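See structure below.
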Amino acid sequence: MPYGSAIIAAIESLKDHETGSPISSIRRHILDDTNDNNSDDPSWNEVHFQKTLKTLVEKGGLLQINGINYKFSDQYLQRRVETLRARAESIEEQTYKTA
């Protein structure tokens, strides 16, 4: 299971942009999405989940709030905006070329 992308998707879906998403909600969202609903399932690795959260914080993608909540960092949001702008410009260029 790619925990990094699952964590990012969970935080996006939970939409707790101001206060951050609690780690328990992130975990529950990922388990619900994978239809496991069982943290004892061998495909779920709590240690790997925790390490991935820590790595995302260290790399600047997430901010840890009050020790248990996580939200997107300004750095991550800025990179995301730049990526979306580049995609939009690319689509716009392709549209003009085909028209």
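The values are calculated or read from the model by the stated rules, or taken from the named source; none is laboratory data. Please read all numbers here as calculations on a predicted model, not as lab measurements. Here Cβ is always computed from backbone atoms with ideal geometry, including for glycine, and neighbour counts include all displayed protein chains.
Just to verify a result, which residue in segment 8-55, among those that are touching a helix residue (DSSP H, G or I) at 6+ places or on another chain (Cβ under 6 Å) and among the β-branched types (Val, Ile, Thr), is modelled with the lowest pLDDT? Per the criteria, the residue is ILE30.
I need a count of the residues in segment 66-99 that are under 19 Å from ALA9 (Cβ atoms) and either within 14 Å of the chain's Cα centre (by Cα) or surrounded by 15 or more Cβ atoms within 10 Å (Cβ to Cβ) (or both). Residues that pass the stated criteria total 10. In segment 1-14, the residues that are free of Cβ contacts under 8 Å to residues at least 24 places away in the same chain form Cβ pairs under 8 Å with partners that are among the acidic types (Asp, Glu) and exposed (fewer than 14 other Cβ atoms within 10 Å of the Cβ), at six or more places apart or across chains, as follows: ALA10/ASP33.
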